[in-house]
Amino acid sequence: MEKYKLKDYIEKLQEHNLLIEYNANSGVLNTLIDKVSYNSKEVSKNTLFVCKGLKYKPEYLDSAINLGAIAYIAEENNVTRKDFPHIIVNNIQQALALVSCIFYNFPAEKINMIGITGTKGKSTTAYYIKSILDNYMIDLHEKDTAIISSIDTYDGIIKKESLLTSPESLELQYHIRNAVNSDIKNLVMEVSSQALKLSRVGNIIYDICAFLNISEDHISSIEHPNFEDYFNSKLKIFDQAKTAVVNLDCDYSDIILKAAQKCNNVITFGTSPSANVYGYNIKKEGHNNIKFRVKTPYFDEDMLLTMPGLFNVENALAAIAIAVSMNIPYKNIFDGLKVARASGRMESHSSKDGSIIVIVDYAHNKLSFEKLYKSTKQEYPDKKIVTVFGCPGGKAQIRRRDLGTLAGINSDISYLTAEDPGPEDTVSICEEISNYIKKEHGKYKIVEDRGEAIKKAILENPNSVVLITGKGNETRQKYGTKYVKCLTDTQYAEKYLKEYEKTLKIE
């Protein structure tokens with residue numbers, strides 16, 4: 001991979017109107033940059049250090065210099081070592097995004113980039129289109145598709161569980177570069193509102209972007225101050241995409257469609273005949289299968305999903321629209337969707353006597369809860385609904401009201417528990433949620449330990465659908481600033497379904 005001199009970085013920052021001034025002699029300016037980092041612990045010789053983050057301290061810069069940093073980039077208020085070579089910029093997040101692209105040689109220009117945004121369904125849609133593309137790539141004798149999602153990350157070299165929906169720009173460019181170096185042709189990624197607002201995806205042009213839906217979420221003092229800021233952040237994806245895929249069935253579709261006109265091409269999907277990709281004759285078949293028909297400019301054919309949840313038709317239509325924009329044959333679309341799975345999304349488990357159905361899903365906001373309850377009532381009209389959930393600490397406080405209200409209305413009983421409490425106390429979060437459940441005259445129990453909450457939900461509620469939401473197949477809980485290992489919700493569900501069967505002596 002080609003390396004660049006410090007002066008090259010300065011020139012690019014100036015071209016993008018990010019540079020205020022710099023201070024470095026010719027020797028430093030002509031030094032090749034071996035590394036870019038914003039973590040002082042990872043600095044080595046000839047590192048360009050970036051001073052960023054809400055928790056940034058001047059001591060980090062001192063440490064970076066001692067470890068071999070050649071220069072640093074900072075906004076004016078963080079220029080604490082004026083005697084050392086430095087670059088002053090007007091926006092450190094945008095500067096980091098650009099510097100990351102330069103360091104990794106703009107890898108997004110060398111691969112087909114697909115970005116998916118929306119309040120709900122990003123992960124499922126990402127895995128649907130990955131499954132379609134993987135099936136297509138087999139026919140072309142090409143590599144499988146890279147993915148960067150809230151579930152996990154695969155770039156051809158690394159496969160790991162994700163901590164963020166969209167990683168910081170430096171890590172993002174690293175993964176894209178790995179995919180390019182692995183000769184992968186396509187990369188699918190979830191694009192969060194924070195990634196768009198804070199320029200984590202800065203300087204990336206998406207070949208295709210999909211806007212799934214929008215609903216109030218991520219409203220807090222450290223994320224989005226209000227819905228308008230959240231919505232406008234999401235809409236920024238159209239500023240950096242060639243083809244837009246838009247859901248006609250979602251709220252504010254007129255505003256979204258208008259913003260999408262910035263792109264060279266717009267493809268719509270939905271359950272209205274006016275959509276370019278039109279889904280109809282939707283019906284459940286058996287325990288998990290969903291059949292529907294889809295009409296596109298190129299075909300009018302049947303589709304089959306073997307992943308439960310009627311609302312997943314919306315995600316499938318988005319994936320089909322993306323595939324249609326890439327001229328992927330119907331056969332590959334059908335075969336890809338038929339086997340598509342998203343780990344921890346609508347995973348269904350049942351007791352041998354059929355009394356208890358357990359559904360593990362990542363549903364964690366108002367829109368996903370609304371769709372989950374609607375689908376559950378349609379698919380299991382004769383069963384009680386039991387919900388196991390919590391809310392994260394330190395962010396998205398509005399969810400406590402929304403999820404508590406919806407659980408109070410729709411769930412026969414809710415078990416409130418830990419869900420990445422972070423800097424807050426689990427019980428305090430649960431008590432806040434319970435206030436909204438009580439307003440709807442709903443029943444609830446607070447069980448701080450997540451495993452114990454799942455156990456009680458399963459063992460105490462025969463003839464029920466137990467919805468375990470929020471964590472899916474994540475293997476860690478965030479307490480304070482640390483991640484603590486734990487069983488996944490799927491593992492807990494399987495464990496306590498077996499315990500339930502033992503109590504009834506079911507073999």
> Do we have GLY354 as on the phi > 0 side of the Ramachandran plot and without any contact (Cβ under 8 Å) to a residue 12 or more places away in the chain here?
Replying inline: yes
>> Scan region 33-53 and tell me whether some residue there is touching a helix residue (DSSP H, G or I) at 6+ places or on another chain (Cβ under 7 Å), under 30 Å from VAL188 (Cβ atoms) and modelled with pLDDT under 95.
In response: yes
> Within region 58-68, is there a residue that is outside any helix (DSSP H, G or I), out of contact with any His (no Cβ under 6 Å at 6 or more places or on another chain) and crowded, with 23+ Cβ neighbours inside 10 Å?
Replying inline: no
> Quick one: THR80 ticks every box in (1) touching a Pro at 6+ places or on another chain (Cβ under 6 Å); (2) under 30 Å from ARG341 (Cα atoms); (3) not aliphatic (A, V, I, L, M) bar one, so which box is it?
Replying inline: (2)
> Can you tell which of ARG450, ARG476 is over 21 Å from LYS383 (Cα atoms) and buried (at least 19 other Cβ atoms within 10 Å of the Cβ)?
Replying inline: ARG450
> Which of the residues that make up region 252-268 are polar (S, T, N, Q) and either surrounded by 14 or more Cβ atoms within 10 Å (Cβ to Cβ) or within 25 Å of the chain's Cα centre (by Cα) (or both)?
Replying inline: SER253, GLN261, ASN265, THR268
> In region 217-243, which residues are more than 20 Å from ARG200 (Cβ to Cβ) and buried (at least 18 other Cβ atoms within 10 Å of the Cβ)?
Replying inline: THR243
> Within the bounds of region 114-123, is there any residue that is in the same structural domain as LEU187 (by TED's automatic domain parsing) and in a helix (DSSP H, G or I)?
Replying inline: yes
>> Looking at region 191-216 only, could you name the residues that are among the β-branched types (Val, Ile, Thr) and buried (at least 20 other Cβ atoms within 10 Å of the Cβ)?
In response: VAL191, VAL201, ILE204, ILE208, ILE214
>> Restricting to region 342-357, name every residue that is among the charged types (D, E, K, R) and modelled with pLDDT of 85 or more.
In response: GLU347, LYS352, ASP353
> How many residues does region 36-47 hold that are outside any helix (DSSP H, G or I) and either touching a residue at least 40 places away in the same chain (Cβ under 8 Å) or in contact with a Phe, Trp or Tyr (Cβ under 8 Å, 6 or more places away or on another chain) (or both)?
Replying inline: 4
> If you take the residues in region 1-23 that are outside any helix (DSSP H, G or I) and hydrophobic (A, V, I, L, M, F, W, C), which one is surrounded by the fewest Cβ atoms within 10 Å (Cβ to Cβ)?
Replying inline: MET1
>> Just the residues that are part of a helix (DSSP H, G or I) and under 17 Å from ILE356 (Cβ atoms), please, taken from region 378-395.
In response: GLU379
> Which is within 26 Å of ALA195 (Cβ to Cβ) and either modelled with pLDDT under 95 or surrounded by 14 or more Cβ atoms within 10 Å (Cβ to Cβ) (or both), of ALA71, ALA95?
Replying inline: ALA95
> Looking at region 144-252, what strands (runs of 3 or more DSSP E) fall wholly within it and have at least 3 residues that are more than 19 Å from GLN93 (Cα to Cα) and at pLDDT 95 or above?
Replying inline: 146-148, 186-190, 206-211, 241-247
>> Here's a check for you: in region 286-325, which residue that is small (Gly, Ala, Ser) and modelled with pLDDT of 90 or more is nearest to ARG345 (Cα to Cα)?
In response: ALA316
> Pairs under 9 Å by beta carbon, first residue free of Cβ contacts under 8 Å to residues at least 24 places away in the same chain and farther than 12 Å from LEU317 by Cα in region 271-284, partner surrounded by 10 or more Cβ atoms within 10 Å (Cβ to Cβ) and among the charged types (D, E, K, R), six or more apart or different chains?
Replying inline: PRO273/LYS295; ASN281/LYS291; ASN281/ARG293; ASN281/ASP302; LYS283/LYS291
>> For the condition touching a Leu at 6+ places or on another chain (Cβ under 7 Å) and in the same structural domain as LYS143 (by TED's automatic domain parsing), what is the one hit in SER199, SER233?
In response: SER233
>> Against the condition touching an Asp or Glu at 6+ places or on another chain (Cβ under 9 Å) and of a type in the set (Asp, Glu), how does GLU301 come out, does it pass?
In response: no
>> Can you tell me which residue is surrounded by the fewest Cβ atoms within 10 Å (Cβ to Cβ) among those in region 24-42 that are β-branched (Val, Ile, Thr) and closer than 16 Å to TYR174 by Cα?
In response: ILE33
> Could you say which residue among LEU487, LEU497, LEU459 is of a type outside the set (Phe, Trp, Tyr) and within 17 Å of PHE389 (Cβ to Cβ)?
Replying inline: LEU487
> Is one or more of the residues making up region 162-177 basic (Lys, Arg), within 13 Å of the chain's Cα centre (by Cα) and crowded, with 22+ Cβ neighbours inside 10 Å?
Replying inline: no
>> Can you find a residue that is in a helix (DSSP H, G or I) and not charged (D, E, K, R) anywhere in region 353-365?
In response: no
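The values are calculated or read from the model by the stated rules, or taken from the named source; none is laboratory data. Source: prediction; values computed, not measured. For neighbour counting, all protein chains shown are included, and Cβ atoms are generated from backbone atoms with ideal geometry for every residue, glycine included.
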